[in-house]
Amino acid sequence: MTKQPQLSFWQIWNMCFGFMGIQFGFALQNANVSRIFQTLGADYNNMTLLWVAAPITGLVVQPIVGYFSDRTWGKLGRRRPYFLYGALLSTAALFVMPNSPSLWIAAGTLWILDASINVSMEPFRALVGDVLPPEQRGFGYAMQSFFIGIGAVVASALPWMMTNWFDVSNTADAGAIPESVKLSFYAGGLIFLAAVSWTVFTTKEYAPEEMASFFEDSADESATSDTSPAEASTYTRRGVTWLLVGLIATLVIDTFSDILDRNLYILSLGIAVFGLCQLAASRLITAGKTDHGFVTVLHDLFNMPGPMRKLAAVQFFSWFPLFAMWTSTTAAVTSYHFNTTDPTSGAYNQGADWVGLLFSTYNVVAMLFAILIPIMVRKMGLKRSHMVNLFCGGLGFISFVIIQDPFFLLVSMVGVGMAWASILSLPYALLSTVIPYQKMGLFMGIFNFFIVLPQILAASILGIIVGQLFGGEPVYALVVGGVSMLIAGLLTMRVEQPE
């Protein structure tokens, strides 16, 4: 077996640089889409229903892109075509989003934007596992976290910078998006495309023959078994069960719609669709199409390596609070700390700009802390380091309800930034060592399920929890998220730590 050559610092730099552009798209979306939705007339209580576009598109797009990128080889290589085409579509969506004339056009554009960003993002994760030897992968994912931090810092603060540095208005007539937000999205789109193009044209990928030579001794050990024709009955039984549970839950929600929140439809319909997916897989297996991509994705989902299953639980409870933060921080800070819910008021827009700075702060911390994570891991190990960082993030979220002066929320975001840097690097460093190289893209896409599913769950129940238990005060969505992140920290200790 040929050993993968180590790359230089600048080769890893070029390989990860495009992630800065991807994070420009995500950061502009996370910090400003709630603001756009509320400006166009959305009610906070229905906001999570609009935001569900992001997790659903990730759930569908990432495993598909991973599956096909594992099987792609052309002039641009294996992963790079997806970087480039996703960046072109994302740039177009970023230009359209702040010009949306109505709420539903904005929501539809969010679906397109998030799908396009996912097309670019998923292969970046797999590229590190493809190109770097195991001893450099931790550094590679930390470098990605560093660029994510840079992109998010600048992009989150762009509206504030436009207003305070360039005297661009941050207010507008009712129903109109401020010019500061529009110009920020235009700049972000151009930077997204430029950064991804840099990685596309400066990074070399290994040909399939070279990849086989690097992993020839371990390929048979790590590859999952193929789907057996006998599994058709198992998929049928599970499919019928999930479908019935989803349909019954939908009927219950419809019957008691005066008590239950309609956002629960997201969860019940998701369960039903998962059942239909398994029934479709059963029909394909019965027809002899056991190697069909759809069947392969489901088979590998149910047959993940053991360490990946435990990491999946950690990811689930780590990403629930992140979705709460992205959807609720603007409403929480403007209502709880700036005492207004009027999107046309100066106080509201001042609070919304402050949220941009808070988001920028946690990303600055993540960017800087990414440099320290390798040192922390050498001292404490992977799983203890991740646990400590998640605890810091959980306490940061909970402190939002304790801190009254919005200035001191910057301290809260230090803990969140530590958790964010860790979430973006350590789980992937662990994962890349326990999955087969032939399916690096597919398993990275499947791992994304456990980023997406908690977001769908949060979209379904977070509004209910806040409304029923906390009088509809959005700041308590962050408290619930903090508790979830503490649970994630405890679950980290169950994960096997490789040498």
- The condition of being closer than 27 Å to Pro436 by Cα, part of a helix (DSSP H, G or I) and of a type in the set (Gly, Ala, Ser) holds, among Ser282, Ser268, only for Ser282
- Query: Looking at the stretch 259-275, is at least one residue closer than 24 Å to Gly463 by Cβ, within 31 Å of the chain's Cα centre (by Cα), polar (S, T, N, Q) and not assigned by TED's automatic domain parsing to the domain that holds Gly58?
  - Reply: yes
- Note on the structure: Flagged pairs (Cβ under 6 angstrom, 6 or more apart or on separate chains; first in the stretch 363-383, of a type in the set (Lys, Arg); second in a helix (DSSP H, G or I)) are Lys383/Thr492
- Message: Restricting to the stretch 6-56, name every residue that is assigned to a helix (DSSP H, G or I) and at pLDDT below 75.
- Response: Tyr44, Asn45, Asn46, Met47, Thr48, Leu49, Leu50, Trp51, Ala53, Ala54, Pro55, Ile56
- Message: Please verify whether Ile465 is aliphatic (A, V, I, L, M) and in contact with a His (Cβ under 9 Å, 6 or more places away or on another chain), treating the condition exactly as stated.
- Response: no
- Task: Say whether the condition of being surrounded by fewer than 22 Cβ atoms within 10 Å (Cβ to Cβ), of a type in the set (S, T, N, Q), modelled with pLDDT of 85 or more and assigned by TED's automatic domain parsing to the domain that holds Trp420 is met by at least one residue in the stretch 102-115.
- Result: yes
- Task: Look through Lys310, Lys379 and report the one residue that is surrounded by fewer than 23 Cβ atoms within 10 Å (Cβ to Cβ), touching a Lys or Arg at 6+ places or on another chain (Cβ under 8 Å) and either under 20 Å from Val495 (Cβ atoms) or polar (S, T, N, Q) (or both).
- Result: Lys310
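Condition check ((1) within 17 Å of the chain's Cα centre (by Cα); (2) within 24 Å of Lys204 (Cβ to Cβ); (3) in a helix (DSSP H, G or I); (4) in contact (Cβ under 8 Å) with a residue 60 or more places away in the chain) across all residues:
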{"site": "Ala106", "(1), (2), (3), (4)": "no, no, yes, yes"}
{"site": "Thr109", "(1), (2), (3), (4)": "no, no, yes, no"}
{"site": "Ala115", "(1), (2), (3), (4)": "yes, no, yes, no"}
{"site": "Met121", "(1), (2), (3), (4)": "yes, yes, yes, yes"}
{"site": "Arg125", "(1), (2), (3), (4)": "yes, yes, yes, yes"}
{"site": "Asp130", "(1), (2), (3), (4)": "no, yes, yes, yes"}
{"site": "Gln136", "(1), (2), (3), (4)": "no, yes, yes, yes"}
{"site": "Tyr141", "(1), (2), (3), (4)": "yes, yes, yes, yes"}
{"site": "Leu158", "(1), (2), (3), (4)": "no, no, yes, yes"}
- Task: For Ile446, work out the one condition from (1) surrounded by fewer than 24 Cβ atoms within 10 Å (Cβ to Cβ); (2) outside any helix (DSSP H, G or I) it doesn't fulfil.
- Result: (2)
- Has the stretch 383-398 got any residue that is part of a helix (DSSP H, G or I), assigned by TED's automatic domain parsing to the domain that holds Gly481, modelled with pLDDT under 90 and more than 24 Å from Phe320 (Cβ to Cβ)? no
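Listed here are the residues, each with its yes/no results for (1) in contact with a Leu (Cβ under 6 Å, 6 or more places away or on another chain); (2) in contact (Cβ under 8 Å) with a residue 12 or more places away in the chain; (3) among the aliphatic types (A, V, I, L, M); (4) over 20 Å from Pro454 (Cβ atoms).
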position	(1), (2), (3), (4)
Glu231	no, yes, no, yes
Gly239	yes, yes, no, yes
Leu247	no, yes, yes, yes
Ser268	no, yes, no, no
Val273	no, yes, yes, no
Asp291	no, yes, no, yes
Gly306	no, yes, no, yes
- Among Ile487, Ile456, Ile465, Ile451, the single one that is farther than 28 Å from Ala429 by Cα and not aromatic (Phe, Trp, Tyr) is Ile465
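Being in contact with a Ser or Thr (Cβ under 7 Å, 6 or more places away or on another chain) and either modelled with pLDDT of 85 or more or part of a helix (DSSP H, G or I) (or both) is the filter here; which residues of the stretch 474-499 pass it?
Of all residues in the stretch 474-499, those in contact with a Ser or Thr (Cβ under 7 Å, 6 or more places away or on another chain) come to 474, 477-478, 485, 488, 498.
Result: Pro474, Ala477, Leu478, Met485, Ala488.
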- Quick check: is even one residue across the stretch 335-357 touching a Pro at 6+ places or on another chain (Cβ under 7 Å), at pLDDT 85 or above, in a helix (DSSP H, G or I) and crowded, with 24+ Cβ neighbours inside 10 Å? no
- Item | Contacts under 7 angstrom Cβ, first residue in the stretch 2-26 being crowded, with 19+ Cβ neighbours inside 10 Å, partner outside any helix (DSSP H, G or I) and of a type outside the set (Val, Ile, Thr), 6 or more apart | Gln4/Pro133; Leu7/Leu132
- Item | the stretch 287-303, residues that are under 12 Å from Pro63 (Cβ atoms) and either among the small types (Gly, Ala, Ser) or outside any helix (DSSP H, G or I) (or both) | Gly293
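The values are calculated or read from the model by the stated rules, or taken from the named source; none is laboratory data. What you see is a predicted model, and the numbers here were worked out from it, not measured in a lab. Neighbour counts run over all protein chains shown; Cβ positions are idealised from the backbone, glycine included.
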